[in-house]
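The values are calculated or read from the model by the stated rules, or taken from the named source; none is laboratory data. From a predicted model like this one, the values you see are computed outputs, not experimental measurements. All Cβ positions, glycine included, derive from the backbone under ideal geometry; neighbour counts span all protein chains shown.
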Amino acid sequence: MNNVYVLGGLRTPIAIKNGKFKNVRAEELGATVLCGLRNKYNISAPDGVIAGNAVGTGGNIARLTSLLAGFSESVPAFTADMQCASGAAAIAMGYSLISSGNGACYICGGMESSSLQPLRIYHENDPRYSMTPAKNGEYYTAQFTPDEMAPDAMLWGAERTIAAENITKKELDRWTILSHQRAAAAKEKGYLKDLIIPVLGHTEDDGIRPKMNQRLIDRLPKILGKNTSITAGNSCLINDGAAFAVLVSDKWLCQHTAFKPEAKIIGTAMAGSNSIESPRGAMHTADVLLDKLQLGYDDMNAIEFNEAFAVIDVLFERRYPDKTNIYNRLGGALAYGHPYGASGGILLLHLLKSLKLNGGGKGILSIAGAGGMGQAIAIESV
């Protein structure tokens with residue numbers, strides 16, 4: 001098998017839904033990043049573009065993005081949909097193709113425009129046509145499990161996990177505040193500036209709240225009603241954004257000696273877990289990958305989980321309280337937000353940066369997806 005390296009990557013600023021990118025199509029966000037990477041690494045003809053997308057207009061949006069970025073029609077592109085884990089799945093696919101000898105350079109990641117998420121309609125012959133809230137077949141959120149059609153299924157999945165594990169408000173609140181504090185510190189120190197490509201002149205992420213505190217959290221209403229736990233503080237915002245990384249082989253590096261990779265991918269894993277408690281997928285999939293690699297969390301120098309919900313952080317902290325200092329060092333999705341298809345790419349870029357700022361070594365990222373899915377990727381600095 002061929003070695004696979006991460007040459008580097010870029011992302012857009014992460015914008016809140018219906019905010020500064022409310023009229024920018026997902027493929028335009030993605031194409032902006034692809035153009036930036038093409039220029040940065042002088043890549044005129046990659047072996048392919050693989051892009052994650054969860055709530056877009058359908059079709060092969062990766063191909064549309066690639067063509068919009070100006071890549072030749074001879075460059076193939078395809079779209080991955082594992083919902084929240086789509087971007088990470090796209091990166092894992094690129095890794096598999098290069099490692100098996102099917103190409104030497106792929107641009108992988110994803111993009112999302114939650115602002116432009118289309119309203120869909122079930123066919124009138126589909127039994128679900130009359131099962132939608134308005135009984136007219138219209139829906140925004142796809143069905144993820146056979147026995148549940150709720151448009152807020154992901155919220156209920158987190159709520160069920162919180163209840164099953166008897167997680168307290170204090171535990172959730174701690175991670176909400178910590179995520180914003182860490183993200184604000186990273187922003188103040190400019191740690192991520194070199195990763196962000198401007199869009200419409202914008203260069204900063206929207207969601208970070210440097211003054212997030214207990215008083216503000218206590219004022220937030222319960223989204224799912226009385227006697228529940230999920231709020232706008234302990235669950236991520238809905239966002240627009242794009243993030244991609246360039247994956248290359250040894251052969252490519254030998255032919256392009258001006259460039260040095262940031263890390264080597266040492267393994268990937270896709271896993272399924274509890275379908276109605278999807279937040280469990282992040283740690284479960286990371287565990288699967290570490291077992292596969294015969295490594296443990298003690299071998300990691302940086303860990304990035306997509307914190308779509310604070311319950312994901314709490315589950316990790318309960319099992320590995322001595323590892324929270326290397327976990328989501330730059331803050332997580334509770335602060336930055338979660339542009340679904342792009343989040344896997346964002347995690348990889350933040351993991352690379354976390355390692356670089358802390359002496360290198362091995363790192364792992366993991367992200368849970370709707371329906372109890374997960375994707376994990378492990379890397380090592382070079």
Between a first residue in region 18-31 that is surrounded by 24 or more Cβ atoms within 10 Å (Cβ to Cβ) and outside any loop (DSSP other than H, G, I, E, B) and a second residue that is of a type in the set (Gly, Ala, Ser) and at pLDDT 95 or above, which pairs have beta carbons less than 7 Å apart while being 6 or more apart in sequence or on different chains? ALA26/GLY56; ALA26/SER113; LEU29/SER113; LEU29/GLY241; LEU29/ALA242; GLY30/ALA51; GLY30/ALA242
Looking only at region 52-67, which residues are polar (S, T, N, Q), surrounded by fewer than 24 Cβ atoms within 10 Å (Cβ to Cβ) and either in contact (Cβ under 8 Å) with a residue 24 or more places away in the chain or closer than 16 Å to ALA243 by Cβ (or both)? THR57
Mind listing whichever residues of region 100-149 are farther than 30 Å from ASN274 by Cβ and part of a helix (DSSP H, G or I)? SER115, LEU116
Answer with yes or no whether ALA335 is more than 13 Å from the chain's Cα centre (by Cα), crowded, with 24+ Cβ neighbours inside 10 Å and farther than 12 Å from ILE303 by Cβ. yes
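I'd like to check which helices (runs of 4 or more DSSP H) are fully inside region 251-360 and have at least 2 residues that are closer than 19 Å to ALA376 by Cβ.
Working: elements: 281-293, 310-319, 333-336, 343-357.
Passing ranges, in order: 281-293, 310-319, 343-357.
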Pick from region 150-208 the residues that are in contact with a Ser or Thr (Cβ under 6 Å, 6 or more places away or on another chain) and assigned to a helix (DSSP H, G or I): which of them is farthest from GLU138 (Cα to Cα)? ILE162
Can you tell me which residue within region 252-285, out of those that are polar (S, T, N, Q) and over 18 Å from LEU351 (Cβ atoms), is surrounded by the most Cβ atoms within 10 Å (Cβ to Cβ)? SER278
With the structure loaded, tell me whether THR79 is hydroxyl-bearing (Ser, Thr, Tyr), touching an Asp or Glu at 6+ places or on another chain (Cβ under 6 Å) and in contact (Cβ under 8 Å) with a residue 12 or more places away in the chain or whether it fails that test. no
Which of the following residues is over 24 Å from THR32 (Cβ atoms), touching a residue at least 40 places away in the same chain (Cβ under 8 Å) and within 15 Å of the chain's Cα centre (by Cα): ALA286, ALA302, ALA271? ALA286
